[in-house]
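The values are calculated or read from the model by the stated rules, or taken from the named source; none is laboratory data. Quantities reported herein were computed from a predicted structural model and do not represent experimental measurements. Methodologically, a virtual Cβ is constructed for each residue, glycine included, from the backbone with ideal geometry; neighbour enumeration extends over all protein chains shown. These accessible areas exclude ligands, DNA and RNA; they are computed on the full protein's heavy atoms, side chains included. Shrake-Rupley method; radii C 1.70, N 1.55, O 1.52, S 1.80 Å.
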Amino acid sequence: MQSKLLSALLLTAGATVSLNALANTDIRVTYAGSMGKVMDQALGPAFAKEHNGNYQGQGQGAYGMARLLASKKITADVFVSITPGPMQILKDAGLIDTAVPVASTSMVIAYSPKGKYAQQFAHAKGSDASWLKVLATPGLKFGRTDPINDPKGQNIVFTLLLAEKYYHQPGIAEKIMGGVQNPAQTHLEGGLLARLESGQVDAAAGYESEVISAHLPYIALPDEINLSNPDQAKQWYDTVSFQVKDSQGNDKTLHTQPMVYYAAVLKNAPNGTAAGKAFVDFMLSQPGQALFKQNGYAAPKGGALYPQ
């Protein structure tokens, strides 16, 4: 009898240890810089509380972060990217097997409520070219990210090129940007909206999700140019492309990609792949999707990349 009781106690203790091991889950997440608020103030803390663990987040331009992960200069349990491009870098490096969609968004133009062009933007509409003409105003400071390191930096170029065609305004994209890789406009992503909020720039390219999270005013754009609707790909999105010079000075032609956020568990996850999978599952759960929605994100679209 004592032997059975002892065995039962040991089994119970073992189960408790197993449950505690599962509950005490630390997580390190690398994400596209535009996701800072939803990750660091919503998803990360909620996951840490549920799993009685610690959350660490690091965000910057998704291509730049993917290259750092691929070269193993930094490590993470989970990588969350906008568009498939950065994920391909990790796939090529042998660090991920698949990536699943967890949210989606669209391109918008955010503007400073303190800026001298605030009233003009407030009266402009995405349904006509009025917002484009405000952006092209001489002296207006427009902020965007580097198209080499950040998908958002690419997406605003695509949006402006599509806007030229949609509103019949040839040459206006070049007038607004002053060149695709214009250093006067490109900033590190993590600080772009902060510069907008403080009035250092008058307007900025943004994802609707991050702009809503930051409580900034913005101009919503039609599906034909906001890159959010896969049904518009053939008729509109696929009709534009542009070239950049990469870090080696080689010309590279860029094409549009779905504005979907993908998540992948890294094979060299410092806290283990089980922790990474738990975080991805949490993002896809009802509470996780509710947090995305509260922060301005739309539901995930499409299927997994490299399905297994």
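Taking θ as phi - 60° and the Karplus parameters 6.51, -1.76 and 1.60, the scalar couplings of region 174-181 work out to 5, 4, 6, 7, x, x, 4, 10 Hz in sequence order, x denoting glycine and proline. Accessible surface area normalised per residue over region 192-308 is 48 Å², counting heavy atoms of protein chains with a 1.4 Å rolling probe.
For region 134-265, the dipole from Cβ point charges (+1 on Lys and Arg, -1 on Asp and Glu) about the Cα centre works out to 260 debye, to the nearest 20. Classify region 25-134: rounded, prolate or oblate, from the alpha-carbon gyration tensor (a ≥ b ≥ c, eigenvalue square roots; a/c under 1.5 rounded; otherwise prolate if a/b is larger than b/c)? Verdict is prolate for region 25-134.
The listed peptides 268-279, 172-183, 239-250, ordered by packing as a protection proxy, come out as 268-279, 172-183, 239-250 (highest mean of other Cβ atoms within 10 Å first). If both residues of a DSSP beta bridge must be in the chain, then about 65% of such bridges are antiparallel.
Ligands, DNA and RNA left out, the accessible area of the chain computed with a 1.4 Å probe is 53% carbon and sulfur. Average accessible surface for region 24-110: 33 Å² per residue, computed with a 1.4 Å probe over protein heavy atoms with every protein chain in place. Overall, the chain carries a charge dipole of about 360 debye about its Cα centre when +1 sits on the Cβ of Lys and Arg and -1 on the Cβ of Asp and Glu, all other atoms neutral. Ligands, DNA and RNA excluded, the heavy atoms of R195 present near 90 Å² of accessible surface to a 1.4 Å solvent probe. A Gaussian network model of the chain, with springs between Cα atoms under 10 Å, assigns the largest mean-square fluctuation among Y167, Y111, Y55 to Y167. Annotation for region 235-308 versus region 96-130: alpha-carbon center distance of 19 Å. The packing ranking of peptides 296-303, 156-163, highest mean first, is 156-163, 296-303, where packing means the average number of other beta carbon atoms within 10 angstrom of each residue. Shape analysis of region 106-247 places it in the rounded category; the axes a ≥ b ≥ c from the Cα gyration tensor give an a/c below 1.5. Which entries of K125/K165; K133/K165; K72/K252; K37/K141; K141/K245 show an alpha-carbon separation above 20 angstrom in the structure shown? Going by Cα-Cα distance, K72/K252; K37/K141; K141/K245 fall outside the 20 Å limit.
For Q60, the residues 5 or more places off, or on other chains, whose built amide H falls under 5 Å of its own are Y31, G33.
Remark: the K165-E224 segment gains 20.2 nm on full extension, using 0.36 nm per residue and subtracting the alpha carbon distance.
Pull out a ≥ b ≥ c, the square roots of the eigenvalues of the alpha-carbon gyration tensor of region 219-308, then state rounded if a/c is under 1.5, prolate if not and a/b is larger than b/c, and oblate in the remaining case. The shape class here is oblate.
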